[in-house]
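Working notes, beginning with the structure itself.
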Amino acid sequence: MADDRDTDAEHDPEERRVAHALVAGEPDALADAFARWGDMIHALCTRWADVDAADDLTQQVFIAAWRSRANFDPSRGVLPAWLVGIARNTTNRSFRGAREVPTDPADAGHDLPVEDHADALADEVLVAHALAELPEAHRLSLELSYWEGLTQAEVATRLDLPLGTVKSHQRRGLQRLRTLLEVSHDQR
C-alpha cells in the first residue's frame, strides 16, 4: 500500500510542478510561487505588521525560499506549508528584540508573545489551506459543525443530506485534514 503522504503531497499537479521547478532552480519558479501563494503569505505577514512592513516581510519570505530551496522535499510536503513555516520564522526573527515590555502592569500577560501569535496564525493558515484542499462536501460539513456549532443532525438538515452521509463526510474530511496537517507539520 502506498504512503498516504506521498499521494497527498502530489494532489495538485500545478503545485507539484511549481515545487519541483523551485527546487530545481528554474528561473520562473519563484515568480510562479509568488503568483500562487504571495497573497496568502502577505496576509499572514499583515497580521503582525503594517502594510509596508508586511510587504518587506513577504519579499523576505520568498527570497529565503529561493535561497533555501534545496532544503525543501516536494515528496514530503506541500510548498505552501513550507512557505508558511518560512513566514513564521521570518516574522519571528524580525520582531525579536522589537517587542515592548508593557509599561502598565495591568497590561502584562494580556498579550501573547509574538512567537505565540506567529505559531497560532501559522496554524490557522495551515488549517485554512488544508480545508481548501478538501472536497467541497467534506469541507462544508466540517465548517458548519466547527465554525457554526451545528450538530451532525443539524448539518444534515441544512445540507439536505442523510445523517450517515454527513457523518461519512466529516470522518473522511477529518482523516484527510489530519494527513495534510501532518505533512505540513513535518515541514516546520
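Residues within the reach of a label modelled at residue 36 (point 7 angstrom out along Cα to beta-carbon, backbone nitrogen below 14 Å), restricted to segment 162-178: there are none.
Backbone phi angles across segment 85-90, fed through the Karplus curve with coefficients 6.51, -1.76 and 1.60 (θ = phi - 60°), yield HN-Hα couplings of x, 5, 4, 4, 5, 5 Hz in residue order; Gly and Pro are listed as x.
The order of the peptides 58-67, 159-168 by mean Cβ neighbours within 10 Å, most packed first, is 58-67, 159-168. Distance from the C-alpha centroid of segment 130-145 to that of segment 11-30: 26 Å, rounded to the whole angstrom.
The stretch between residue 67 and residue 160, if pulled fully straight at 0.36 nm per residue, gains 28.5 nm over its current Cα-Cα span. Just to verify a number: FRET efficiency for residue 174 and residue 153, C-beta to C-beta distance, R0 = 30 Å, to 0.05? It comes out at approximately 0.95.
The numbers here are math on the coordinates, done by the rules we state, and not lab data. These figures come from a predicted structure and were not determined experimentally. Ideal geometry is used to build each Cβ from the backbone, glycine not excepted, and the neighbour counts take in all protein chains shown.
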